[in-house]
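Report on the following structure.
Just so you know, all these numbers are worked out from the coordinates, no wet-lab data involved. Remember, predicted model here, so these are calculated numbers, not experimental data.
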Amino acid sequence: MASETADDDHVTFDMAGQRYAFPMSRVREIVRMPALVRVPLGPPALEGLANLRGRMLPVVSLRRCCAMPDAEHDDATRVIMVDGGVPLGFVVDRVSGVLSMATVEPAEDPLIGVIRTDHDVIPVLDVDRLVGAEFNRPAAQHVTAGQPAQTPERGDDGAAATRDEVVERPAETDDEDVYVVFRLDGQEYAVDVDAVQEIIRVPGTLIGVPRSLDFVEGLVNLRGAVLPVVDLRTRLGLRRRERDERQRIVVLIIDGVRTGFVVDSVAEVARVGRQVPEPAPRLSADQARVVSKVANLPGHRRLLLMIQLDQLLPAGHAEAWEDALAGV
């Protein structure tokens, strides 16, 4: 029979009808389900980033960490913020309460142990194992308030008005940078305006490219020049969507090669204070390469995911495109 050891207080919570516990010493606070910004290329358990009093908090599904089916969030859903080396929020179905000075019996990995009550056997989950199994140690970051972004002129449908020409750069000060902001799957992303050559509508037909990567949409004849086009949703691991009138192709210069990226819509050309962007939490190797920084704009309740342009195409792909298009 396993020996019994005394432990500290424990926070108990429910998932899929089973009660579990975290050591109280690892719990920082418990909050209602916040609004989340989804981050592409993150681990499967990641639900998104939350802005918790000016701090970026990665929020993950504890159900997914424990190989349980997903469940709809409701009024009882809570996020338990734990200290896993850095703050991290675990989504649980509901919080039950606190067990004071409970006796914990040792148990097999991956549990710390179990707590026996008159009615339940409660597994005590190992925070370090949960964090280590899902993430590459997300880096704790503090972010500061952003400068108000310029609001672009809006069209009749409420969409940002865009011109199929070179993007105009608004005036800026020495402590600001300018970004083109666009949307994918309801989230806002930003790229340096200097890398954006122009923004065009998506043509009705693209020329297919045989044996290309799955995110390559095809080729477009842009004023006599051939432009390769990438579906940015697919490149970032998001689901594809049907074409519509709001979508645009953002033409970027990457490694000296023009490449078009299909986005859901273009929001604005925004000025952001240079002190605002902070390194994004490292949630996976792919995510850390492509989404390198986050700009927190609390005055507008926005988080801009900032794209690292030189990571959008696989190594050598831009050069290979340039060589292939030279003879077209």
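For the range 103-128 and the range 6-56, write down the distance between their C-alpha centroids in whole Å.
18
Rounded, prolate or oblate for the range 176-326? Axes are the square roots of the Cα gyration tensor eigenvalues, ordered a ≥ b ≥ c, and the cut-off for rounded is a/c under 1.5.
prolate
Let me make sure I get this right: for the range 187-260, a, b and c are the square roots of the gyration tensor eigenvalues over alpha carbons, sorted descending. Under 1.5 in a/c it's rounded, otherwise prolate if a/b > b/c, else oblate. Which is it?
In terms of gyration-tensor shape, rounded.
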